[in-house]
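Here the structure is laid out as structure tokens; the discussion comes afterwards.
The values are calculated or read from the model by the stated rules, or taken from the named source; none is laboratory data. Worth saying up front: this structure is predicted, and the values here are computed from it rather than measured. Ideal geometry is used to build each Cβ from the backbone, glycine not excepted, and the neighbour counts take in all protein chains shown.
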Amino acid sequence: MIGRSVLRAASKGIRTQWRAFASVAPPKLFSYDEITANVKEKHAIESVEAAFGMLAKGKVDVPIPMHIGIEESPEAGPGDCHIKGGYVYGTKTWTVKLANVSFYKNVEKGLPPGSGIFVVIDATNGFPLAIFQENRYLTDLRTGAAGAVSVKHFAA
């Protein structure tokens, strides 16, 4: 049986090790205005086309999306949250998207019915690099770009 003094010493060592990680830089936050000023349709189409190419080669890990239903109650909702993510083989980052949709009562409060963020994570160490407060702008661009790429390749 392990004595208490051994457990305390081990616990202290673990806490000391974890403190060393506190020096990791926090992720950079990009606002909606920064995103809309810098990310345009052309970027989305090029990126989606490249991603589709890697997907066709089996070089993309895209897990099944997660859904959280926010049932209407006096405290919350109604609304839905969709969490999606993916990694393209050989790239330095991977991304998780959290999309909050169908919060239609927000309109009564002067708010949009949905919002969203992307978290970009360093694929070498797992630490978040950036958070994009995109409020569905990137999602809408991606959806449109997917249609444009599909038309380009399948309508010919």
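Against the definition (more than 26 Å from Ser150 (Cα to Cα) and in contact with an Asp or Glu (Cβ under 9 Å, 6 or more places away or on another chain)), how does Gly79 come out, yes or no? Reasoning before the result, please.
On the way: more than 26 Å from Ser150 (Cα to Cα): yes; in contact with an Asp or Glu (Cβ under 9 Å, 6 or more places away or on another chain): yes.
It is true that Gly79 is more than 26 Å from Ser150 (Cα to Cα) and in contact with an Asp or Glu (Cβ under 9 Å, 6 or more places away or on another chain).
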Filter pass, Ile64 being surrounded by fewer than 12 Cβ atoms within 10 Å (Cβ to Cβ), modelled with pLDDT of 95 or more, within 30 Å of Lys152 (Cα to Cα) and of a type in the set (Val, Ile, Thr): yes
Among the candidates Lys109, Lys97, residue that is farther than 15 Å from Ala44 by Cα, in contact with a Lys or Arg (Cβ under 6 Å, 6 or more places away or on another chain) and among the basic types (Lys, Arg): Lys97
